[in-house]
Each structure stands twice: as C-alpha cells, then as structure tokens.
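Written out below as structure tokens is the structure these notes cover.
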Amino acid sequence: MTEMGAPRFWRNIQQRYRLTGTRCDTCDTTYFPPRQLCPECRREGDVEEQELNGTGTVVTYTTVHEPSPEYEGDSPYSLAIVELDEGPRVTAQIVDDEIQVGDEVEACFRRMGEGGGDGVIYYGFKFRSLD
Amino acid sequence: MDDTGIAGYGGYVPSLRIETREIARIWGEDPDEIENGLGVRQKSVPDLDEDTATMSVEAARRATDGEDSSRIEAIYVGSESHPYAVKPTATIVGAAIGATPGMTAADYEFACKAGTAAIQTGAGLVSSGVADRALAVGADVSQGAPGDALEYSAAAGAAAFLLGDADDAVAKLEGTTSYTSDTPDFWRREGERYPQHGERFTGKPAYFKHTINAGQNLLGELDRAPEDYSYAVFHQPNGKFPVKAAHQLGFTEEQYEAGLLSPEIGNTYSAASLLGLVAVLDEAEPDDRIFVTSFGSGAGSDAFSFRATEKIEETGDSKLRDDLTDVEHLDYAMYARHKDKIQEE
Ligand SMILES: [Zn+2]
C-alpha cells in the first residue's frame, strides 16, 4: 500500500476502518464502496450512509504465494471475495490459515501495510472465520 | 466517583499461543522448572498484522457494541507499546468506533497500569459532567529479549471499558485509590527495543508493596473486608505473584481464580488486570462486589471496588471466552518469525 500515499488513504478512512457504505431506501440496495447516486433509481433514489455490520460469507478465494513487497513475510495469505450480509461483495484478506467457500466470516481490524519503517501505518478491515 | 460505572466492556486476546515449555526447550532450560516456576503454561502471540492499535480497536468494538459511539467524549489508551512514538493510538480507536471528532483523546504510559489510570481519568470526567461517556483501554504487545526471563511471559491482549452514569452501569464504581512511588524496578530507555529490570526490585519492594498498600488503603477507605467481595483481580505478570498477593490481602482461591488468566495467556502488561476484570464481569451476578488492583513498574498500583448491577444480566458474553478457547499453537521457529516481524517496526 506504500504507493497509495497518505492523503488518498485518509479520504477513505470511514470505508477502511468502519465498513461504512450507503443504502438506497427506494430500491432497498446497499452499496460498498459507498455510492452517492443509486444507479438503479437515479434521481428517485433516497441514498443515505449505512454502517455495515461486517459479517458475510466467502464466495471464492485464492491463496497468494508471492505477495507484493509490502506483504513480504506475511505469505502465503488468502484473498477472498466476501458477500456481506447486506448484499455488497468486497475483496479482502482472510486472516485464518484455512478457509473454505461458504465459510461465515466477520470483519476484523488489522494492519494493511505501512509507508516504510518510518512512515505512517495503514489500518483497515480484513476478515476472520466464524466457523 | 460512585455516581459512575462500567456501561460496557470488552476484551481481546490474539488466537496464537506458544507454550513456555517450547521456549524453554530452545534455550536448553528445564521445561518443568520454567513452567512451574512462572505458573505460566502458555502465552498469547500477536499475528503479523496485529499491534496495540488493532487489539485496542477489537476490544473497544466489543465494549461499545450496540452503544451510540457519538456519546463517547473522551478516549484514553494505556500501553507501553503504542505503534507510534508520536501519534496517539486513541485517535485510531476513536475513528474505528465512530467516536471522532467530538471527543478528547490521549495515550497513557505507566508500564502495566496505564489502562487503569485511563479508567480513573475517564470516570473522573464522567463524574464531573465533562464527558457524557468515556472509553478507557489497556493494551500491549509486549517484548522480551530472546533468552531473557521476560520472553517466557511477555504476551499480547487488550481490554476496553465504556464508562458512564451509574444508572446505565453493569457495574458501579464504588471507589478507587492509588499507591505510587519512585521505584526503579523495570524500565526501557527511549529508543531501546527491550526493557531492563532491576532484579532486586521486581518482587517485594515493587509489585507486592504497591499492590498490597493500594489494596489495603482501598479496603480501609470503604470500610470493607476481603470477604465482602465475590471476586478479586490482580496484575498478573506470571501465575505466581497474583496468587501470593491475594493471600497476603486475605482473599481466597474462590475469589481470585475467575480473574486469573496469566497461566493460559501470559503477561499482557497494560491489559493484564483488565482482562481479568472482563473475565470476572462475564461471570458476575447482580450485587457481586469486585476488587481490582493493577500494578505498573516505576511504580504504582490503582485499586478499584466495583459492584455488579441488575444490568449485568442483560449484557451478552464479551467473546473473551472464545478468544481463550479457540487457539492455535506455534512452534518456536514460527514464533521467532512473528517476533522478528514485530522487531522491524
Ligand atoms: Zn435505488
């Protein structure tokens, strides 16, 4: 995450720390990452901020054996697509060594990377198995 | 401060463990002697992406589950392993639970009692009406130099307490008192990786003197006797000191066993006495009295008297029990990899 830079990271801190998305009350759809305009309802959409409860199900996953440099020492790790209970799908790291499709998971708060040994530390959500 | 209390609480312990026998084996020590001498069977180890901030957030989320975070107007995080030398852990916790920006925040340091100092400050702010609610956290990812005695017990964990009006409390704060002196029992100079300890000072003149005096002073101020308490919780740098302190103060095994976690998780430093309090709150019944005494090197002890209310029955399990039972063991090679990673930072 070193290439991202601190300003961009901090603009999205609500999403990364708290899984804050949006919800369109008109068509009952939750968006994560958040969308300010509902693509279905357009101008009829009634969109408001919604904090997601952080639980979901593993749809698919892959094990990363050769991670990018900032994840060095952390390999291998699993990267999964998780379908959140509210509907949206997110791609995120799984902290457990063993994971299976269909596993119930919950969001946890972990270190995502850092800007070198003397830079800022990036925190955000990963998922852990509830099974 | 008897108009305040604990409105919510949460503990977090990483799932990884290493047995003291395994560490003893690597250093050519007698595993039985080490395990029995310390009274610690295993200790918790943080995962590669866990630190004091992440564990504080996990504990804080459990403590504030179902609560309106915007009511929290003060957050204090006590630790001797804050991830930054300059940039408060409390800001990260505040953002992660949605309490920012209408709040004050600071990090505390006082060896292993910084978390109880945070509770005293938070309760004071609530009692005086400065803050509607306050969050106090004690958390540490502790390090001992390879081969040093501290390596057998230095562990990781966090505990968080939401402080509010006594009317909302699952446990009312009946009183708190402290005992502090300038004692060089344990220290770490700025920029040094590992702490140093003054062998002659660690036991009697430090841990026991401060723990016993704070405890006796509190009992005296409240005009109480040990038998008035259902539970007694102590700072637990190992499995032996808290048991000895409990007996010296007149408490029995029945009173201290529920809050004694160090044999299974090691010394979680700033979280040690507070995780014991979380475990006890998970078991407590209405009207049960809880005695807690922390200890921080340097040195000082904070003693507290809590009394569980009817609301204790409405709170769900803090999930700490899951953290204590659902564990994965590391061998020393894997453990060393975790340690190396932590040291780089
Ligand atoms: Zn819509």
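Every number in this text was worked out from the coordinates using simple rules, so none of it is lab data. Small disclaimer: the values here were computed from a predicted structure and weren't measured. Here the Cβ positions follow ideal geometry from the backbone for every residue, glycine too, while neighbour counts run over all protein chains shown.
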* **Residue-wise HN-Hα coupling along region B:268-284, computed from phi with Karplus coefficients 6.51, -1.76, 1.60 (Hz; x: Gly, Pro)** => 8, 6, 4, 8, 4, 5, 6, 5, x, 5, 4, 4, 5, 4, 5, 9, 5
* To do: Determine by what factor the alpha-carbon radius of gyration of region B:236-345 differs from 2.2 N^0.38 Å, reporting the quotient.
  => 1.24
* Structure fact -> Zone reached by a paramagnetic label modelled 7 Å from B:VAL130 Cα along Cα→Cβ, restricted to region B:84-106 with backbone N below 13 Å, covers B:104-106
* Asked: In Å, the Kirkwood hydrodynamic radius of the protein assembly as shown over pairs of distinct alpha carbons?
  -> 22.9 Å
* Looking at B:TYR194, B:ALA308, B:TYR269, which one has the Cα that reaches farthest to the positive end of the dipole of region B:171-313 (charges on Cβ: Lys, Arg +1; Asp, Glu -1)? -> B:TYR194
* Amide H within-cut-off set for B:TYR229, under 5 Å, with H built and near neighbours excluded -> none
* Structure fact -> P(r) of chain B over all Cα-Cα pairs, 20 Å bins starting at 0, rounded to whole percent, reads 35, 60, 6
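Determine Rg/Rh for region B:108-190; Rg is computed over alpha-carbon atoms and Rh is the Kirkwood hydrodynamic estimate from the same atoms. Mind showing how you got there, number by number?
Values: Rg = 16.0 Å, Rh = 15.0 Å.
Value, to two decimals: 1.07.
Summarise the partner chain shielding of B:40-49 as one whole number: the mean count of Cβ atoms from other chains within 10 Å of each residue's Cβ.
So the per-residue partner count for this stretch is 3.
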* Please give the FRET efficiency for B:GLU328 paired with B:THR252, using the beta carbon to beta carbon distance and R0 = 56 Å, rounded to the nearest 0.05. => 0.95
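Quick check of the Kirkwood formula: for region B:171-313, what is the inverse mean of 1/r over all pairs of different Cα atoms, in Å?
One decimal place: 15.3 Å for the Kirkwood radius.
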* Fewest-first ranking of B:ARG61, B:ARG188, using other Cβ atoms within 10 Å as the exposure measure -> B:ARG188, B:ARG61
* **Set B:LYS113/B:LYS240; B:LYS43/B:LYS311; B:LYS87/B:LYS209; B:LYS43/B:LYS319 screened for pairs whose C-alpha atoms are more than 25 Å apart** => B:LYS43/B:LYS311; B:LYS87/B:LYS209
* Taking every pair of alpha-carbon atoms in chain A, give the share separated by more than 25 Å as a whole percent. => 32 percent
* Cysteines of the protein assembly as shown lacking any other cysteine beta carbon under 4.7 Å? -> A:CYS27, A:CYS108, B:CYS112
* Structure fact -> Whole-percent tail of the Cα-Cα distance distribution for region A:54-131, cut at 19 Å, equals 36 percent
* Structure fact -> Averaged over residues of A:106-116, the number of beta carbons from other chains lying within 10 Å of each residue's Cβ is 4
